[in-house]
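The values are calculated or read from the model by the stated rules, or taken from the named source; none is laboratory data. Fair warning: this is a prediction, and the values are worked out from it, not measured in the lab. Glycine gets a Cβ as well: all are built from the backbone with ideal geometry, and neighbour counts include every protein chain shown. Accessible surface is based on the protein model in full, side chains and every heavy atom, while ligands, DNA and RNA are left aside. Shrake-Rupley method; radii C 1.70, N 1.55, O 1.52, S 1.80 Å.
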Amino acid sequence: MNKYGQLATSHWRQHLPARYAALENPAEFFESLGRQVEAEVSDLQAILAGTDPARETYPEKVARLATARRTAEEVVMAQLVWSHDPELPLDQAREEWEQTRPSDENLVTWAERMQDSPDLMPSSVELEQMAKDWAVPVSFLEGLVATEPPREYLRANAEVLTEAATIRFLRELQ
């Protein structure tokens, strides 16, 4: 069993004893869950890390990849392992959040403004903060501004937006 399966086993034993006791084969369940978490962490890490920026130093790359890994682990573990009994079932809470969250269309509007007035482009610090707020890599925002029309870039990168929405949703749950 990998580390994610072991963490899940420990968490469920301590915080969800009734659910743990209801499992027919806990070892098989947590081994499978651990593999699923590991795969999803790897997939999300690749999305969050993005492509290697030009002139990135080795320490910068290590930091970028480590940050992407930690974020991916937090998101996936929150989705699949750190189960608790919320006031609303998770699917209902997500549905409610989807109805009130900022639209991805706001990113298109922003990118179009940047294309029309390049002098309005935010500083690198502001761009990093925007990327953090939207839970997307900075390279995603840069690609959005560089592509005409920006809406096509969003369509081509729908998977990134889906993962980003999940990250933002989970942030609000905490």
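A few notes on this one:
- If the condition is being basic (Lys, Arg) and open to solvent by less than 80 Å² (accessible area, probe 1.4 Å), then the range 99-129 contributes only Arg101.
- Hits in the range 1-16 - residues which are in a helix (DSSP H, G or I) and either touching a residue at least 12 places away in the same chain (Cβ under 8 Å) or touching a Ser or Thr at 6+ places or on another chain (Cβ under 9 Å) (or both): Lys3, Tyr4, Gly5, Gln6, Leu7, Ala8, Thr9, His11, Trp12, His15
- Of all residues making up the range 31-63, the number that are over 25 Å from His11 (Cβ atoms) and of a type in the set (Gly, Ala, Ser): 5
- Scan the range 17-58 for residues that are assigned to a helix (DSSP H, G or I), hydroxyl-bearing (Ser, Thr, Tyr) and under 30 Å from Leu141 (Cα atoms) and the total you get is 2.
- Members of the range 17-46 that are farther than 30 Å from Ala66 by Cβ and touching a residue at least 24 places away in the same chain (Cβ under 8 Å): Arg19, Ala27
- The range 44-70, residues that are at pLDDT 90 or above and open to solvent by 80 Å² or more (accessible area, probe 1.4 Å): Asp52, Ala54, Arg55, Tyr58, Pro59, Glu60, Arg70
- Helices (runs of 4 or more DSSP H) enclosed by the range 88-174 - at least 1 residues per element that are among the small types (Gly, Ala, Ser) and free of Cβ contacts under 8 Å to residues at least 60 places away in the same chain: 105-116, 124-134, 138-146, 150-156, 158-173
- Matching option when the condition is over 27 Å from Thr162 (Cβ atoms) and either buried (at least 16 other Cβ atoms within 10 Å of the Cβ) or in contact with a helix residue (DSSP H, G or I) (Cβ under 9 Å, 6 or more places away or on another chain) (or both), among Tyr4, Tyr20: Tyr20
- Residue satisfying condition, being within 14 Å of the chain's Cα centre (by Cα) and either modelled with pLDDT under 90 or not hydrophobic (A, V, I, L, M, F, W, C) (or both), within set Val37, Val76, Val41: Val76
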